[in-house]
Structures are given as structure tokens and as C-alpha cells.
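Asks: The structure under discussion is supplied below as C-alpha cells; questions concerning it will follow.
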Amino acid sequence: MTVATFALQNTLPRLPIPSLQKTCSLYLHSLLPFQTPEEHEKSKAIIQDFMNSSLASSLQQRLVDIDHHSPRNWLEDNYWLRKAYLEWREPLMVNSNWYILGKNDDHHPKALLENNGQGLGPNQFSHFQIRRAATMIFNGADQTLPVEMVRGKQPLCMWQYSHFLSMTRVPLPYCDALVQGNPSDVLHIVVLACDKIYKLQIFEVLDGKKQCLSIDRLERGLLEIVAHASNTNDVQKPVPLLTSWDRDNWAIARNHLLTIDPAKNRTALSEIEYALFAVCLDDYNHGADSAQWSKTAFCGQQNRGQGHNRWFDKSLSLVVENNGKAFIAGEHSPVDALTVSYMWDHMLRKSVVQASGADNRNVPWLTNAPAPSVIPSTSVEPITFVTDHKIDEYLKQAQASANAISARSDSSVLIFDEFGTDWIKRVGKLPPDAFYQMVLQLAYYRAHKKVTATYETASTRKYLCGRTETIRSCSIDSKNFVEAFDDPMTSDKNTYDLLVKATAAHRKYTQIASDGHGCDRHLLVLKLLNMDHPQHESSSSNSLKQTTTPLHAIFTDPVFSESQTWRLSTSGLQEGDQLMGTGFGAAFKHGYGINYMAARNLVKFGMEAKNDEDSLSTKEFASIITQTLRDLRDLCERVNLDGNPEAPSTARL
């Protein structure tokens, strides 16, 4: 029986507060791969001192009180959203926003996919592009999704499904804010084309009931938009470009925009910020090349310039290029990509059907209507801004910033189809996610001759409003494995045993983190509480004077920061038959952001790195990952199928 989206929310338990002792023990053990024995003993003494201190006990009890007055949970209500996202001042473009590429439509016109997906030149919109966008808008308008269940029994929190519609991150000085309209009351989306912005009504209310316009009517509205947007006489300043800028500068520019014409510009911003979602129609495409496609997904419509034809603050944007290829991009703070991936998968399952019923699969449907000077439809309304010379200067600076971010960003997608999760379980006899984590750590070790702190996302959605916890994927067991793998004096059997031990350790940590007992979120909050924790000191007059307690050494120990410098930042998504790749930005300099989707017979890795001296290109790193996948396959087959596991592993040289 299908259970309505939010029907089981009140049955979910609250996120637990981890035990102080267990957090300290887990954290201490996680430091082993990064320290010498002498360094580890010093950190051990520091951690034990903290664990047994009155300060730690006081901080823990403050956290218990915070939890008691938190409506949902102690982490999301008070800390995580603000500290992980809203206070971060870097531009959203590349650094925070994610993307998920969609498959080609079952009825995709062949002509649009010719010449490696560049069957249509720039500065044109295809009719198929518009029809596909209309179809996806219609498919995405119905968000009555069933409750997700773990193994068909345990419900997961569906709270995030109420947080990607009508939601926008608004730049404010020092700390941003999320604004959201009531999705039940909002009837429109915003459409961006040629750097111009339009309000498109996609719902109407009949007899008191809200219903989506038909695909045909949505298509007509989109056709009117691209005809108007193509009118070169209607010149608009590319205000959306400002959303690619760093948050403090964008906050200043937005505030100035509101002072120029408070009534008009406030209305324009509100129409955008409260829209259900954004649709970006590009009169351009980069073809089927995954590196170029991911660049478009990260940085905007390339022929107009980096950061163009996007409103990066919107929680959800559907982008359709003029060859009909499509992807979604999202602002990370209100919702995680895994949640939205299920909705995107749903939007992709229904193919485009032409209104006429004619079979034009081999014809690139091009709009041929002349560009009118006005839009006659009541469902379409241009959104324009009043600007001045200062906005012109802000746009120049934002463009320079977007250009620099794009030039520094290197991204691509690796699709490895030689084996997948079926083989890993059947022949490798290993848990698939842990197997792929060891692949990534071995690839990093081969590339950089050292191990590094590795982040993997664990979902805590078994709890009310739970989001994520850190899996510290690099362990002493994974370090032992990667250091032994290319040693010719280590037998296949011993190497495989180290792999088994490393995957078991990873699986154990994954369960701890998913149960809400990881150490990172807990230590983050304890540190924040320590930073403003009051204490009393005696003054010269024998009265008590209140001061702030100094930070404990556990938080100033260099390994505290080093163990959270995630040069490998990773996350797994659903297997995604309809999804062709996904990605997010590297979290640290000299690092890699890697999102992967493991399916039965293949795996897709979306990668992003910075063009720094100590980083490999994503193409080079993908090559190492590919070879590592093959080498681990060969190891498992020699041990589990060939029957000579004690031989020295010269086959790995």
C-alpha cells in the first residue's frame, strides 16, 4: 500500500545526542592513519583530559538543554544549516551547488544528437527542447511521492521534500537566509532564457482546486518566452549573473538593487525567490562530452559567459539545452541531492509526446515564430529590473569572479561499465559501497603517495528532520590496505584479507554514523558551545566575574583540523538508471569532490577538482580510478576464483 508523503512523520524518533565517551573514543580511533605513535599518544592524553573534564560535562548538559527546547532536533534547528551553509561566504557556483545529469529522451530526435550531440548550432532554440521542458515541468508539478522505506519497513524522514519547492537562499551580510513561500499557494515558476527572466504560471485554480496546466499550454507559454527572449531589441542587464558572486558582494549588490526602485525591484526579486522552481532554457549546447556538460551544469551557459542564464540561489533549477539534453542543479543548503534525485528520476521516466502525434524523431523542431515586441499570453510575464551605473560595475566584477572560478574548476564524469554491484557481491564478496570507497582511497594513494582524510555522506533520515553525518572513510585498516596493495611481497590472500578488514571497518562506521552517533557533528557543536561557554573567576574584590572559557586543547590540537580536511569528499547516490552523472565541488584545495552512482553492471563517478599544482586533472584521476577498479577486480578473481591466493602478487605490478 502506498503511504502519502508526510503521513508517517510523527512516528519518527528524534536525532539522538551521542555519548560523550563514545564520541571521544570514535574520534581518537579515527586519528590513527594520520599520526605517528608518539603523536597519537599526545592526542590520546588530550582527548582523555577533555572527556573526563567538568568542561565537557557542562557542554554536554548544555546540549541536552538545547535539544529539549528544539522543536525538531538539536543539530538542524540550531547549528547545521547556519554553520555548514548559510555563514559560508564563497560563491555558490561550483563551491556549493550540485547537479544531476539526465538521460536522453526515448523519443529524442536523432538530428539533435548528431555530431556528438551538437546537432543544433548556437543562438537557436529547438522545438523539441521546449516540448521536453514542458513535459518535465508537468511531470515535476505532481510531488505526491510515497514515503521512502528502508527494506520496506523503516520509514525515512520526508521533511526535505517540503524544502525544495518555492525555496531560495537570499544573500545577507555575514549570514544568508532561506525564504520560502507556501508551495500550495504559489502558482508560478521562473524561466530564464537569453539572460532574461520570465514568470510562467503553471497552475490554475478551478472550483477551488489547484491543477497544473496541460503540457500543450505549458509548451505554448515557453514558446512565447523564447520568441520574446530572442528579440535582440529588448536588451536587459544580466542581473542573474550577480547570483554567481561571493555572498557578501551579492548581498551588497542586492541591497543596492532594492534601493534603486524599491517597489519594482522588490516585486521582481520576490517573484523569483518565491517561485516554485526555475527553468533555464539555453540557446546553446556543449554536446555529449561529459566534461563540457558538467562545466555547463556547474558554471552556466557557456557561450554567454560563465555564470549566465542561471539563478544560482534557487533550491532547484531545471536546465534544458537546445539539443534537448537536460539536467537539474540545486542550492545545497535546504535539501540534499540524494533526496531530489528521486524526484528527478520521476520527471525523466515519462517521455516526450508530440501534441500532433506526428513522428518527427529525426527532425530538430526549431521555433520559427518572429520575435514579438510584447507577450500576449496572460500566463507569461517578463520580470525586469531597474538598474544603474553601480549595478553595471557590480556586473563587471561578478563576471570577473565567475570567470576565475570557472577557470580554476575542472570537472568530468567517468562511466565505468566493466562490472558493478552484482559482481562485487557475487565474486568480490564485499559490500559495494565500502568497495568503492576503497577504490577511491587506493586511487588517491597511488596519485599522491599518501592517505588523506576522506568524507563520505551518511544519511540520518531515519530520524525526524535528520540529514547527514560524516563517515570517516579513511581508517587505519584502509591505510594498511592501500599501503600493501602495490607491494609485490604481499600475497594476494593477505592483500584481499586487508581489503575485507577495511571494508568491514567502513561498514561499521557507516552504521554508527547512520544511527546518529558519528563524532563530527557532535564535536562541531561542542566546540561552538565551548567558544561562548561562561565561567566564573574571583576578582580582587572577592566577587565573581564571568568570563568565557578558553577553548580546550582537543579543539586546538592540529590533528583536529587535519582530520577534517577532506581532500577526498565523497557521496553515493542511488543507482540512477535515468541519471547520467552527478557532481559537487571539491571541498578543499588540492582535493576532489566525487559523487558516484553504483548500479548492478556499472558505476558513474562525477568529479570536480581545482586546477592547482598539487591536484591531478579529473581526466588523469579518472584514469587512475579506472585502473584501480580493474586491479581490484583482478585481485578478487585471483583469490576467489583462481585458487592460488598465496602467491606473491606480482600480477599487480
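The values are calculated or read from the model by the stated rules, or taken from the named source; none is laboratory data. Please read these numbers as outputs of a predicted model, since none were measured by experiment. Please note: Cβ atoms are built from the backbone with ideal geometry, for glycine as well, and neighbour counts cover all protein chains shown.
Asks: Taking region 399-427 only, how many residues are over 22 Å from Y592 (Cα atoms) and in a strand (DSSP E or B)?
Replies: Of the residues in that region, 0 qualify.
Asks: Out of region 444-454, which residues are in contact (Cβ under 8 Å) with a residue 12 or more places away in the chain and closer than 16 Å to D477 by Cα?
Replies: Hits for region 444-454 are Y444, Y445, V451, T452, A453, T454.
Asks: What is the one condition in (1) assigned to a loop (DSSP other than H, G, I, E, B); (2) over 23 Å from the mean Cα position of the chain (by Cα); (3) within 30 Å of D410 (Cα to Cα); (4) not hydroxyl-bearing (S, T, Y) that P33 does not satisfy?
Replies: Among (1) assigned to a loop (DSSP other than H, G, I, E, B); (2) over 23 Å from the mean Cα position of the chain (by Cα); (3) within 30 Å of D410 (Cα to Cα); (4) not hydroxyl-bearing (S, T, Y), P33 violates only (1).
Asks: Taking the condition under 20 Å from S166 (Cα atoms) and either free of Cβ contacts under 8 Å to residues at least 40 places away in the same chain or crowded, with 18+ Cβ neighbours inside 10 Å (or both), does P262 pass? Give the derivation first.
Replies: Numbers: under 20 Å from S166 (Cα atoms): no; either free of Cβ contacts under 8 Å to residues at least 40 places away in the same chain or crowded, with 18+ Cβ neighbours inside 10 Å (or both): yes.
In short, no.
Asks: Evaluate the following for L316: is it in contact (Cβ under 8 Å) with a residue 60 or more places away in the chain, surrounded by 23 or more Cβ atoms within 10 Å (Cβ to Cβ) and not basic (K, R)?
Replies: Values: in contact (Cβ under 8 Å) with a residue 60 or more places away in the chain: yes; surrounded by 23 or more Cβ atoms within 10 Å (Cβ to Cβ): yes; not basic (K, R): yes.
Yes: the conditions hold for L316.
Asks: I'm trying to understand the selection: among the residues of region 129-155, which are surrounded by fewer than 24 Cβ atoms within 10 Å (Cβ to Cβ) and hydrophobic (A, V, I, L, M, F, W, C)?
Replies: F138, A141, L145, V147, M149, V150
Asks: Can you tell which of K462, K390, K425 is closer than 30 Å to G516 by Cα, surrounded by fewer than 21 Cβ atoms within 10 Å (Cβ to Cβ) and touching a residue at least 40 places away in the same chain (Cβ under 8 Å)? Spell out how you get there, then give the answer.
Replies: Numbers: K390 fails: closer than 30 Å to G516 by Cα; K425 fails: touching a residue at least 40 places away in the same chain (Cβ under 8 Å).
The conditions single out K462.
Asks: Find all pairs meeting these conditions: Cβ atoms under 8 angstrom apart; at least six residues apart or on different chains; first residue within region 516-534 and not assigned by TED's automatic domain parsing to the domain that holds I471; second residue surrounded by fewer than 22 Cβ atoms within 10 Å (Cβ to Cβ).
Replies: Nothing qualifies.
Asks: So how many residues does region 18-30 have that are surrounded by 21 or more Cβ atoms within 10 Å (Cβ to Cβ), touching a helix residue (DSSP H, G or I) at 6+ places or on another chain (Cβ under 6 Å) and in a helix (DSSP H, G or I)? Reasoning before the result, please.
Replies: Step one: filter region 18-30 for residues surrounded by 21 or more Cβ atoms within 10 Å (Cβ to Cβ), giving 18, 23-24, 26-27, 30.
Next, from what is left, pick out any that are touching a helix residue (DSSP H, G or I) at 6+ places or on another chain (Cβ under 6 Å): 18, 23-24.
Remaining after also requiring in a helix (DSSP H, G or I): 23-24.
Result for region 18-30: 2.
Asks: Which residue pairs have Cβ atoms closer than 7 Å, lie 6 or more positions apart in sequence or on different chains, and pair a first residue in region 588-612 that is on the phi > 0 side of the Ramachandran plot with a second residue that is modelled with pLDDT under 95 and of a type in the set (G, A, S)?
Replies: Pairs that qualify, where the first residue is on the phi > 0 side of the Ramachandran plot and the partner is modelled with pLDDT under 95 and of a type in the set (G, A, S), are H590/S615.
Asks: Does any residue in region 555-568 that is within 17 Å of K589 (Cβ to Cβ) and among the hydroxyl-bearing types (S, T, Y) come within less than 7 Å, Cβ to Cβ, of a residue that is modelled with pLDDT under 95 and not in a helix (DSSP H, G or I) six or more places away or on a different chain, and which pairs are these?
Replies: So the pair list comes out as T565/F588.
Asks: Looking at region 434-456, is at least one residue among the hydroxyl-bearing types (S, T, Y), modelled with pLDDT of 95 or more, assigned to a strand (DSSP E or B) and assigned by TED's automatic domain parsing to the domain that holds R600?
Replies: Yes, that holds for at least one residue.
Asks: Now for a separate question. With the structure loaded, tell me whether N265 is closer than 18 Å to V226 by Cβ and not aliphatic (A, V, I, L, M) or whether it fails that test.
Replies: Values: closer than 18 Å to V226 by Cβ: no; not aliphatic (A, V, I, L, M): yes.
Taking the combined requirement at face value, the residue does not satisfy it.
Asks: If P71 satisfies all but one of (1) in contact (Cβ under 8 Å) with a residue 12 or more places away in the chain; (2) within 27 Å of the chain's Cα centre (by Cα); (3) in a loop (DSSP other than H, G, I, E, B), what's the number of the condition it fails?
Replies: Evaluating P71 over (1) in contact (Cβ under 8 Å) with a residue 12 or more places away in the chain; (2) within 27 Å of the chain's Cα centre (by Cα); (3) in a loop (DSSP other than H, G, I, E, B) leaves (1) as the failure.
Per-residue answers, yes or no, for (1) closer than 15 Å to I272 by Cα; (2) within 29 Å of the chain's Cα centre (by Cα):
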| residue | (1), (2) |
| --- | --- |
| L192 | yes, yes |
| L200 | yes, yes |
| F203 | no, yes |
| Q211 | no, no |
| A227 | no, no |
| W245 | no, yes |
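Yes/no per residue for (1) assigned by TED's automatic domain parsing to the domain that holds N97; (2) without any contact (Cβ under 8 Å) to a residue 40 or more places away in the chain; (3) closer than 19 Å to K314 by Cβ; (4) of a type outside the set (D, E):
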site: L206; (1), (2), (3), (4): yes, yes, no, yes
site: V226; (1), (2), (3), (4): yes, no, no, yes
site: P240; (1), (2), (3), (4): yes, no, yes, yes
site: A251; (1), (2), (3), (4): yes, no, yes, yes
site: R254; (1), (2), (3), (4): yes, no, yes, yes
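Asks: Taking L223 as the residue in question, decide whether it is modelled with pLDDT under 95 and in a helix (DSSP H, G or I).
Replies: On the way: modelled with pLDDT under 95: yes; in a helix (DSSP H, G or I): yes.
Spelling it out, L223 is indeed modelled with pLDDT under 95 and in a helix (DSSP H, G or I).
Asks: OK, next. Quick one: how many residues across region 583-603 are over 22 Å from M93 (Cα atoms) and either of a type in the set (G, A, S) or not in a loop (DSSP other than H, G, I, E, B) (or both)?
Replies: Residues of region 583-603 over 22 Å from M93 (Cα atoms): 597-603.
Filter again for either of a type in the set (G, A, S) or not in a loop (DSSP other than H, G, I, E, B) (or both), leaving 597-599, 603.
Of the residues in that region, 4 qualify.
Asks: Checking I66 against (1) in contact with an Asp or Glu (Cβ under 9 Å, 6 or more places away or on another chain); (2) assigned to a loop (DSSP other than H, G, I, E, B), only one condition comes out false. Which one?
Replies: Only one criterion in (1) in contact with an Asp or Glu (Cβ under 9 Å, 6 or more places away or on another chain); (2) assigned to a loop (DSSP other than H, G, I, E, B) is unmet by I66, namely (2).
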